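**Student:** What follows is a single structure, and I will ask about it in a moment.
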Amino acid sequence: MPTKECLLENKTCNNCGECLICDLDRSKNCNNCMECIDTNIDFNAIGIDDVVYDEE
């Protein structure tokens, strides 16, 4: 069985559920409402911390 990688940290997923919590209200699960994304701007950007290449 392949292991899942954590979406938030560089580790194996341990099913803690932290990735499912709303960024605006920590008492709720994320429902993909996108209210945490500021769309009233001229452009959107995503910061890239690291690039991981497949080793062949």
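Every read-out reported here was derived from the displayed coordinates using simple, explicitly stated rules and does not represent laboratory data. Computed from a predicted structure; not experimentally measured. Note that we place each Cβ from the backbone using ideal geometry, even for glycine, and neighbour counts take in every protein chain shown.
**Student:** Assuming R0 = 35 Å, what is the FRET efficiency of Thr3 and Val51, from their Cβ-Cβ distance, to the nearest 0.05?
**Tutor:** Details: r = 21 Å, r/R0 = 0.61.
Calculated value: 0.95.
**Student:** Output the relative contact order of the chain, whole-number percent, from Cα pairs under 8 angstrom with separation of 6+ residues.
**Tutor:** Values: 26 pairs, mean separation 8.4, N = 56.
Computed value for the chain: 15 percent relative contact order.
**Student:** When mean projected area of the Cα convex hull in nm² is calculated directly from the model, which label among (1) 4.3; (2) 6.4; (3) 5.4 fits?
**Tutor:** Derived directly from the coordinates: (2).
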